[in-house]
Amino acid sequence: MKTILIILISAGLAAGVTWFIQSNRSSATQSASSKPKPLYYQSPMHPWIKSDKPGRCTICGMELTPIYPGEEAFDNAANANTITLSKSQIRVINVETAEAKIRPLNETLQVAGTIDDDMSRHRIISAYIDGRIEKLHINYVGAEVKEGQPLADFYSPSLLQAEREYRQLSGDLKTNTALRLRQMGLTPEQIDALPNKSAEALVSQILAPIGGTVVAQDVYEGQYVTTGQKLFEIADFSTMWFQFIAYESDLSSIQLGQTVRLTTPSRPGKTFTGKVTFIDPNLDPSTRSTQVRVEIPNPEVNGQRELLRNVYADAEVEIDTQPVLAIPKSAIIKTGPQAVVYVDQGGGAYRQVAIQTGRRGDAWIEVKSGLTEGDKVVTNGNLLIDGQAEMNQTFRAKPEPVDTSDQPTLSESQKQVIHQFLTSADAMAAALAADDLAKFNQVSTPVMQQTSALTGALAGLKIPSDKLEALNNARHFHGSDSIGEARSRFLTFTMAATEVLQPLRSIKDFPSMQIWQCPMVNKAVPDAGDQGRWIQIGVRPIQNPFFGSEMIDCGEQLNP
């Protein structure tokens with residue numbers, strides 16, 4: 001009986017285990033069958049490469065991406081201007097878009113200049129009559145004085161006689177004497193106080209006409225002076241003038257009242273703000289530039305003004321613009337005269353659209369035609385999409401002949417901007433070749449503005465935007481402390497400059513220049529490449545700016 005019971009229990013357990021295993025297998029089978037199978041496998045970069053099984057692209061070697069139902073990509077050959085991507089391709093490329101909007105461009109203009117005191121608050125105190133300096137109340141440069149504060153005690157026989165006559169006279173004679181005392185240098189307050197002045201007092205005081213800082217003292221106690229001789233010089237540093245050079249191409253963007261933010265090496269980490277108060281109407285015909293003045297408040301901190309006189313400063317001019325249709329700069333692809341963007345059409349389709357651009361802001365650029373407000377343009381991944389579009393055309397269609405008859409030409413203003421830039425680049429190279437650091441710092445001063453003007457003038461030519469940007473980033477010359485530092489910074493600048501200008505030498509009427517190349521620049525400039533190029537103009541032998549007098553004739557000229 002017990003044996004039969006054991007057999008029955010064992011049979012029941014075996015049946016239960018069997019049912020559990022079969023149930024799990026059934027669930028696993030149903031789960032596996034519920035996952036959709038890929039329709040095919042496709043190259044993420046070359047979508048016409050497809051396979052019915054996993055593998056790698058026969059062109060680029062990338063692993064094929066599975067395409068599931070609902071992710072099918074359209075045949076990009078149907079529309080040469082439209083690229084259609086699957087969801088997986090969009091994820092791989094990391095496509096990002098932004099809307100075209102009506103908005104200000106928030107443009108800033110980079111400038112450089114020097115800081116000086118307010119000329120309208122600058123005084124030179126001279127002797128009105130002959131006399132002698134009996135005592136100095138201010139006897140050092142840099143002293144802070146207030147308006148009306150005594151600067152010196154002054155003895156003059158003629159002034160002393162006129163004071164005594166004033167005290168004794170009345171009526172019109174007294175009035176005439178008061179006028180004569182004014183001509184001798186006394187203030188109205190000093191004249192009014194003469195009746196209370198001691199008859200034994202032999203000296204009068206020279207008073208400060210304005211409050212400010214004594215920037216020059218040209219007399220000493222006991223010194224005899226003559227009429228017109230300079231005694232003191234006072235400048236009011238409470239408001240400073242920042243003055244910079246504005247080129248003709250920038251004048252349309254500069255207006256009175258614009259906000260300017262500046263920084264100076266003498267106050268690192270500090271930003272000062274002022275307003276444009278004057279634009280010189282006289283344009284220099286040789287440089288096509290003029291002076292712009294900005295008034296900067298100069299507060300006193302711990303007994304000293306923050307901004308010093310004659311220091312160098314970099315500044316940003318905030319340019320006010322009317323709202324325009326604009327898109328982010330990153331959306332634009334420009335490798336020639338035409339700018340294109342890719343517009344999101346929905347469903348993974350991106351259409352190539354040619355646009356006409358206008359003014360450029362810091363992060364946005366105006367669109368004059370080609371887009372409407374609300375269009376979504378690709379801001380990230382557009383270069384990969386464009387590359388895929390080019391490869392589509394390469395692999396799917398025969399290349400059409402290129403018409404090279406329409407060569408670009410230069411306008412007179414473009415020639416002028418290029419000539420000014422070449423002149424400065426040549427002067428910088430000549431200064432380094434002569435081992436003259438001071439001359440290099442001097443001739444490199446206008447390069448920042450000239451480079452900005454050059455990159456703007458060449459924007460319409462077939463120059464890759466990354467080369468223009470590299471040149472624009474290398475234009476900052478704020479004074480070098482050593483000839484080695486100057487050569488290192490010049491190398492970065494001149495390599496970027498020759499990259500931009502070398503391809504343009506074939507253009508008709510392009511200004512004459514020579515490009516020289518040094519094969520040993522890394523021996524003169526640490527961490528440099530094997531080649532160093534520079535620009536020379538005019539007729540003169542090679543002058544190597546990287547070695548200077550040590551090896552002045554090292555290098556060879558590059559042909560156009």
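Would you kindly state how much longer the chain becomes between H476 and K101 on full extension, computed as 0.36 nm times their sequence separation minus their alpha carbon distance, in nm to one decimal?
Working: separation 375, 0.36 × 375 = 135.00 nm, distance 3.28 nm.
Full extension of this stretch gives 131.7 nm more.
Compute the distance in nm between two label points, each set 7 Å from the Cα along the Cα-to-Cβ direction, one at K37 and one at Q149.
Taking the simple label geometry, K37 and Q149 are separated by 9.6 nm.
Which aspartates and glutamates, if any, have their Cα less than 15 Å from the Cα of K135, not counting same-chain residues under 8 positions apart?
Qualifying aspartates and glutamates at Cα under 15 Å: D153, D218, E221.
Ignoring the sites themselves, what is the longest stretch of the chain with no GluC sites (Glu not before Pro) in a DSSP loop and at most 12 other beta-carbon atoms within 10 Å?
Here the longest segment lacking exposed loop sites spans 374-560.
Can you give the extra length, in nm with one decimal, that the chain gains between E556 and H137 once fully stretched, where that is 0.36 nm per residue apart less the Cα-Cα distance?
On the way: separation 419, 0.36 × 419 = 150.84 nm, distance 6.67 nm.
Between E556 and H137, full extension yields 144.2 nm more.
From Cα pairs below 8 angstrom and at least 6 apart in sequence, can you work out the relative contact order of the chain, rounded to a whole percent? Can you show the working numbers first?
Details: 1015 pairs, mean separation 79.3, N = 560.
Relative contact order, the chain: 14 percent.
Under 20 Å Cα to Cα from K415, which aspartates and glutamates show up? Leave out anything in the same chain fewer than 8 places away.
Within the straight-line limit of under 20 Å, K415 reaches these aspartates and glutamates: E248, D250, D284, D406, D426, E499, D509.
Answer with one residue from T227, Y166, Q89: the one whose Cα lies farthest towards the positive end of the charge dipole of the chain, charges on Cβ with Lys, Arg +1 and Asp, Glu -1.
Q89
With the cut-off at 20 Å, tell me which of the pairs K270/K329; K50/K376; K334/K508; K368/K467; K329/K368 have Cα atoms farther apart than that.
Numbers: K270/K329 29 Å; K50/K376 30 Å; K334/K508 23 Å; K368/K467 25 Å; K329/K368 14 Å.
Beyond 20 Å between Cα atoms: K270/K329; K50/K376; K334/K508; K368/K467.
Using Cα atoms only, what is the angle between the long axis of helix 2-34 and the major principal axis of the chain, expressed in degrees (0 to 90) to the nearest 10?
60 degrees
What is the P(r) of the stretch 412-558, as percent of Cα-Cα pairs per 10 Å bin from 0?
For the stretch 412-558, the pair-distance distribution reads 12, 46, 35, 7, 0.
Given Cβ point charges of +1 (Lys, Arg) and -1 (Asp, Glu) and nothing else, what value in debye, to the nearest 20, does the dipole of the chain about its Cα centre take?
Working: 52 positive and 62 negative charges, 435 e Å.
Around 2100 debye, computed over the chain.
Treat every Asp and Glu Cβ in the stretch 239-312 as -1 and every Lys and Arg Cβ as +1, leave all other atoms uncharged, and give the resulting dipole magnitude about the Cα centre to the nearest 20 debye. All intermediate terms of the calculation are to be shown ahead of the outcome.
On the way: 8 positive and 7 negative charges, 55 e Å.
That gives a dipole near 260 debye.
Can you find, among M119, G131, A216, the residue sitting farthest towards the positive end of the charge dipole of the stretch 119-235, where Lys and Arg contribute +1 and Asp and Glu -1 at Cβ?
Value computed over the given set: M119.
At 222 nm, what value in deg cm²/dmol follows for the chain if DSSP H runs of at least 4 each add -39500 (n - 2.57) and the sum is divided by all its residues, to the nearest 500? Walk me through the numbers on the way to the answer.
Values: 12 runs with 157 residues, N = 560.
After summing the helix terms and dividing by the residues of the chain, the value is -9000 deg cm²/dmol.
Suppose every K and R has +1 on its Cβ and every D and E has -1 on its Cβ; what is the size of the dipole of the stretch 253-361 about the Cα centre, in Debye to the nearest 20?
240 debye
Counting other Cβ atoms within 10 Å of each Cβ, which chymotrypsin sites (Phe, Trp or Tyr not before Pro) in the stretch 95-155 have at most 11 and sit in a DSSP loop? Before the final figure, lay out the partial values.
Details: sites: Y128, Y140, F154, Y155; in loops: Y128, Y140.
Qualifying residues, ordered by number: Y140.
In degrees between 0 and 90, to the nearest 10, how far off the longest principal axis of the chain does helix 412-433 point, with axes built from Cα atoms?
For helix 412-433, the angle is close to 80 degrees.
Quick one, what does Rg over Rh come out to for the chain if you take C-alpha atoms and the Kirkwood Rh? Intermediate values should be presented prior to the final figure.
Details: Rg = 39.0 Å, Rh = 31.3 Å.
My calculation of the ratio gives 1.25.
Of L371, G387, Q243, which is farthest on the positive side of the dipole of the chain, counting Cα position, with +1 on Lys and Arg Cβ, -1 on Asp and Glu Cβ, and the Cα centre as origin?
After comparing all options, I get G387.
Throughout, read-outs are computed from the coordinates displayed, never taken from laboratory work. Given the structure is predicted, the values throughout are model-derived calculations rather than measurements. No Cβ is skipped: glycine too gets one built from the backbone with ideal geometry, and neighbour counts run over all protein chains shown.
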